[in-house]
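The values are calculated or read from the model by the stated rules, or taken from the named source; none is laboratory data. The structure presented is a predicted model; accordingly, all values stated were derived computationally and were not measured. Cβ placement follows ideal geometry from the backbone for every residue including glycine, while neighbour counts extend to all protein chains displayed.
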Amino acid sequence: MRKHNTGWEVIPAPPGGVPPTNLALGDLDGDQQADLVADLGPAGLWALLHQLNGTVWVKLHSAPTQGLLIADIDGDGLGNLVANRGADGVWISRDQRWERLHPGSPKHMAAGDFDGNGRLDLAFDLGGDGIWLWMNDRVWSRVDTMSADLLLTVDLDGNGADDLLLSQGAAGTNVWMNNQTWRHLHDRPVRHAVAGHRDEQ
Ligand SMILES: [Ca+2]
Ligand SMILES: [Ca+2]
Ligand SMILES: [Ca+2]
Ligand SMILES: [Ca+2]
(Lines give C-alpha, C1' and ligand atoms only; values in the text may rest on other atoms or scores of the structure.)
(Ligands and ions follow the chains in the order given, each with its own letter.)
Protein backbone atom coordinates (compact mmCIF):
# COMPACT_ATOMS: atom_id res chain seq x y z
CA MET A 1 0.00 0.00 0.00
CA ARG A 2 1.31 3.54 -0.82
CA LYS A 3 0.33 6.49 1.36
CA HIS A 4 0.69 10.23 0.59
CA ASN A 5 2.54 11.19 3.73
CA THR A 6 4.63 8.16 4.61
CA GLY A 7 5.36 6.47 1.30
CA TRP A 8 5.03 2.72 1.01
CA GLU A 9 3.75 0.69 3.94
CA VAL A 10 3.79 -3.07 4.16
CA ILE A 11 0.37 -4.38 5.08
CA PRO A 12 -0.16 -7.67 6.90
CA ALA A 13 -0.70 -10.62 4.57
CA PRO A 14 -4.38 -11.42 4.10
CA PRO A 15 -5.62 -14.43 6.05
CA GLY A 16 -6.22 -17.66 4.18
CA GLY A 17 -3.39 -17.36 1.66
CA VAL A 18 -5.62 -17.07 -1.42
CA PRO A 19 -6.11 -14.02 -3.66
CA PRO A 20 -9.32 -12.03 -3.00
CA THR A 21 -12.29 -12.74 -5.23
CA ASN A 22 -14.03 -9.41 -4.55
CA LEU A 23 -12.76 -6.10 -3.18
CA ALA A 24 -14.34 -2.85 -2.01
CA LEU A 25 -12.79 0.40 -0.80
CA GLY A 26 -14.43 2.89 1.59
CA ASP A 27 -14.31 4.35 5.09
CA LEU A 28 -15.98 1.75 7.31
CA ASP A 29 -15.01 3.20 10.70
CA GLY A 30 -15.33 6.94 10.00
CA ASP A 31 -11.65 7.84 10.62
CA GLN A 32 -11.43 9.54 7.19
CA GLN A 33 -9.09 6.81 5.94
CA ALA A 34 -10.26 4.36 3.32
CA ASP A 35 -10.51 0.75 4.47
CA LEU A 36 -10.26 -2.30 2.26
CA VAL A 37 -12.81 -5.12 2.33
CA ALA A 38 -11.81 -8.38 0.69
CA ASP A 39 -13.62 -11.64 0.06
CA LEU A 40 -10.85 -14.14 0.76
CA GLY A 41 -12.66 -17.21 -0.52
CA PRO A 42 -12.77 -20.04 2.03
CA ALA A 43 -11.40 -17.70 4.73
CA GLY A 44 -14.49 -15.45 4.48
CA LEU A 45 -15.01 -11.70 4.27
CA TRP A 46 -12.36 -9.50 5.91
CA ALA A 47 -11.69 -5.77 6.38
CA LEU A 48 -8.24 -4.17 6.56
CA LEU A 49 -8.61 -1.42 9.19
CA HIS A 50 -6.21 1.18 10.59
CA GLN A 51 -6.29 0.83 14.36
CA LEU A 52 -4.19 2.22 17.20
CA ASN A 53 -2.03 -0.90 17.19
CA GLY A 54 -1.49 -0.73 13.42
CA THR A 55 -3.18 -2.00 10.32
CA VAL A 56 -5.05 -5.21 11.02
CA TRP A 57 -7.36 -7.64 9.26
CA VAL A 58 -10.76 -8.07 10.95
CA LYS A 59 -13.17 -10.85 9.97
CA LEU A 60 -16.63 -9.63 9.00
CA HIS A 61 -18.51 -12.70 7.79
CA SER A 62 -18.15 -16.24 6.48
CA ALA A 63 -20.62 -16.13 3.57
CA PRO A 64 -19.16 -16.00 0.05
CA THR A 65 -19.92 -12.91 -2.06
CA GLN A 66 -20.40 -12.12 -5.72
CA GLY A 67 -20.03 -8.34 -5.35
CA LEU A 68 -19.19 -5.73 -2.69
CA LEU A 69 -19.74 -2.02 -2.30
CA ILE A 70 -19.13 0.47 0.54
CA ALA A 71 -21.35 3.56 0.86
CA ASP A 72 -22.61 5.57 3.83
CA ILE A 73 -26.27 5.10 2.99
CA ASP A 74 -27.64 6.20 6.39
CA GLY A 75 -25.45 9.32 6.66
CA ASP A 76 -23.87 8.56 10.07
CA GLY A 77 -20.30 8.99 8.76
CA LEU A 78 -19.59 5.25 8.80
CA GLY A 79 -19.51 3.37 5.52
CA ASN A 80 -22.13 0.64 5.16
CA LEU A 81 -20.98 -2.53 3.45
CA VAL A 82 -23.30 -3.92 0.80
CA ALA A 83 -22.64 -7.57 -0.07
CA ASN A 84 -24.18 -9.57 -2.89
CA ARG A 85 -24.29 -13.11 -1.46
CA GLY A 86 -25.61 -14.72 -4.63
CA ALA A 87 -28.59 -17.02 -4.00
CA ASP A 88 -28.89 -15.61 -0.46
CA GLY A 89 -29.58 -12.10 -1.79
CA VAL A 90 -28.11 -8.67 -1.03
CA TRP A 91 -27.16 -7.82 2.55
CA ILE A 92 -26.13 -4.54 4.16
CA SER A 93 -24.18 -3.98 7.36
CA ARG A 94 -25.18 -1.31 9.82
CA ASP A 95 -24.91 -0.85 13.56
CA GLN A 96 -22.78 -4.03 13.71
CA ARG A 97 -25.61 -6.08 12.22
CA TRP A 98 -26.44 -7.50 8.80
CA GLU A 99 -29.84 -6.90 7.20
CA ARG A 100 -31.09 -8.52 4.02
CA LEU A 101 -31.98 -5.82 1.50
CA HIS A 102 -33.20 -7.98 -1.35
CA PRO A 103 -33.62 -11.73 -2.02
CA GLY A 104 -32.19 -11.42 -5.57
CA SER A 105 -28.60 -11.45 -6.78
CA PRO A 106 -27.87 -8.27 -8.77
CA LYS A 107 -25.69 -8.30 -11.88
CA HIS A 108 -24.41 -4.85 -10.93
CA MET A 109 -24.61 -2.55 -7.91
CA ALA A 110 -23.73 1.16 -7.63
CA ALA A 111 -24.14 3.97 -5.10
CA GLY A 112 -25.05 7.59 -5.80
CA ASP A 113 -27.29 10.39 -4.56
CA PHE A 114 -29.83 10.19 -7.37
CA ASP A 115 -32.27 12.77 -5.96
CA GLY A 116 -29.56 15.14 -4.69
CA ASN A 117 -30.90 15.28 -1.11
CA GLY A 118 -27.52 14.55 0.46
CA ARG A 119 -28.31 10.89 1.26
CA LEU A 120 -26.70 8.17 -0.80
CA ASP A 121 -29.01 5.80 -2.68
CA LEU A 122 -28.23 2.41 -4.21
CA ALA A 123 -28.84 1.15 -7.75
CA PHE A 124 -29.25 -2.54 -8.55
CA ASP A 125 -29.43 -4.33 -11.88
CA LEU A 126 -31.61 -7.34 -11.04
CA GLY A 127 -31.34 -8.98 -14.46
CA GLY A 128 -34.77 -9.94 -15.83
CA ASP A 129 -36.43 -7.88 -13.09
CA GLY A 130 -34.84 -4.69 -14.43
CA ILE A 131 -33.07 -1.77 -12.78
CA TRP A 132 -34.11 -0.78 -9.27
CA LEU A 133 -33.14 2.08 -6.97
CA TRP A 134 -33.21 1.93 -3.17
CA MET A 135 -33.82 5.56 -2.35
CA ASN A 136 -32.57 7.22 0.80
CA ASP A 137 -32.39 4.05 2.81
CA ARG A 138 -36.17 3.40 2.48
CA VAL A 139 -38.08 3.13 -0.76
CA TRP A 140 -37.61 0.75 -3.70
CA SER A 141 -38.45 2.07 -7.15
CA ARG A 142 -38.00 0.42 -10.53
CA VAL A 143 -36.58 2.74 -13.17
CA ASP A 144 -36.39 0.28 -16.06
CA THR A 145 -37.60 -3.19 -17.01
CA MET A 146 -34.40 -3.90 -18.98
CA SER A 147 -31.14 -5.14 -17.61
CA ALA A 148 -27.81 -3.49 -18.49
CA ASP A 149 -24.32 -4.62 -19.46
CA LEU A 150 -22.79 -1.70 -17.62
CA LEU A 151 -24.10 0.53 -14.86
CA LEU A 152 -22.27 3.69 -13.79
CA THR A 153 -23.09 6.57 -11.43
CA VAL A 154 -22.11 9.99 -12.76
CA ASP A 155 -23.49 13.53 -12.36
CA LEU A 156 -23.61 14.24 -16.09
CA ASP A 157 -25.23 17.68 -15.83
CA GLY A 158 -23.29 18.72 -12.71
CA ASN A 159 -26.41 19.71 -10.74
CA GLY A 160 -25.43 17.80 -7.60
CA ALA A 161 -27.82 14.90 -8.21
CA ASP A 162 -26.21 11.76 -9.57
CA ASP A 163 -27.36 10.29 -12.86
CA LEU A 164 -27.33 6.59 -13.75
CA LEU A 165 -25.65 5.62 -17.01
CA LEU A 166 -26.72 2.27 -18.49
CA SER A 167 -25.36 0.42 -21.48
CA GLN A 168 -28.27 -1.72 -22.74
CA GLY A 169 -27.27 -3.65 -25.86
CA ALA A 170 -29.51 -2.91 -28.86
CA ALA A 171 -31.23 -0.13 -26.86
CA GLY A 172 -27.90 1.73 -26.79
CA THR A 173 -26.61 3.87 -23.96
CA ASN A 174 -29.17 5.60 -21.76
CA VAL A 175 -29.04 7.80 -18.67
CA TRP A 176 -31.61 8.11 -15.87
CA MET A 177 -31.20 11.83 -15.15
CA ASN A 178 -31.68 13.20 -11.63
CA ASN A 179 -34.18 10.46 -10.76
CA GLN A 180 -36.67 12.09 -13.18
CA THR A 181 -36.19 11.55 -16.90
CA TRP A 182 -34.49 9.26 -19.39
CA ARG A 183 -31.94 10.63 -21.82
CA HIS A 184 -30.83 8.53 -24.79
CA LEU A 185 -27.11 9.17 -24.98
CA HIS A 186 -26.09 6.99 -27.93
CA ASP A 187 -27.59 4.36 -30.23
CA ARG A 188 -24.72 2.01 -29.51
CA PRO A 189 -23.91 0.37 -26.18
CA VAL A 190 -20.63 1.27 -24.49
CA ARG A 191 -18.28 -1.44 -23.31
CA HIS A 192 -16.27 0.65 -20.84
CA ALA A 193 -16.87 4.05 -19.25
CA VAL A 194 -15.30 6.19 -16.55
CA ALA A 195 -16.73 9.16 -14.70
CA GLY A 196 -14.82 12.41 -14.30
CA HIS A 197 -14.60 16.09 -15.13
CA ARG A 198 -13.53 16.67 -18.72
CA ASP A 199 -12.87 20.38 -18.20
CA GLU A 200 -11.06 19.95 -14.86
CA GLN A 201 -13.43 22.31 -13.08
CA1 LIG B 1 -11.42 4.06 7.89
CA1 LIG C 1 -23.49 4.61 7.63
CA1 LIG D 1 -30.59 10.51 -2.08
CA1 LIG E 1 -27.32 15.21 -12.39
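Summed over segment 50-87, the residues that are more than 16 Å from ligand 3 (Cβ to nearest atom), assigned to a strand (DSSP E or B) and under 23 Å from V139 (Cβ atoms) give a count of 5.
Take segment 148-201 and flag every residue that is crowded, with 19+ Cβ neighbours inside 10 Å, of a type in the set (G, A, S) and farther than 15 Å from L133 by Cβ. Answer for segment 148-201, where residues must be crowded, with 19+ Cβ neighbours inside 10 Å, of a type in the set (G, A, S) and farther than 15 Å from L133 by Cβ: just S167. Counting the residues of segment 106-131 that are among the small types (G, A, S) and either assigned to a strand (DSSP E or B) or under 14 Å from the mean Cα position of the chain (by Cα) (or both) gives 4. Only residues that are away from ligand 3 (no atom under 16 Å from the Cβ), in a strand (DSSP E or B) and under 23 Å from D72 (Cα atoms) were counted in segment 132-165, giving 5. Of all residues in segment 112-125, those that are under 14 Å from M177 (Cα atoms) and touching a residue at least 40 places away in the same chain (Cβ under 8 Å) have Cβ atoms under 9 Å from Cβ atoms of residues that are among the hydroxyl-bearing types (S, T, Y) and in a strand (DSSP E or B), 6 or more apart or on another chain, in G112/T153; D113/T153; F114/T153; A123/T153. Annotation note: Cβ proximity below 8 Å between a residue of segment 44-58 that is under 16 Å from E9 (Cβ atoms) and a residue that is assigned to a strand (DSSP E or B) and of a type in the set (S, T, N, Q) (sequence gap 6+ or interchain) occurs for L48/T55; L49/T55. Can you tell me which residue is farthest from ligand 1 (Cβ to nearest atom) among those in segment 98-147 that are surrounded by fewer than 19 Cβ atoms within 10 Å (Cβ to Cβ) and among the hydroxyl-bearing types (S, T, Y)? If we take residues in segment 98-147 being surrounded by fewer than 19 Cβ atoms within 10 Å (Cβ to Cβ) and among the hydroxyl-bearing types (S, T, Y), then T145 is farthest from ligand 1 (Cβ to nearest atom). Listed conditions (1) within 16 Å of ligand 2 (Cβ to nearest atom); (2) at pLDDT 95 or above; (3) not in a strand (DSSP E or B) are all met by S93, apart from (3).
Here D74 meets each of (1) within 16 Å of ligand 2 (Cβ to nearest atom); (2) crowded, with 19+ Cβ neighbours inside 10 Å; (3) within 24 Å of V154 (Cβ to Cβ) with one exception, condition (2).
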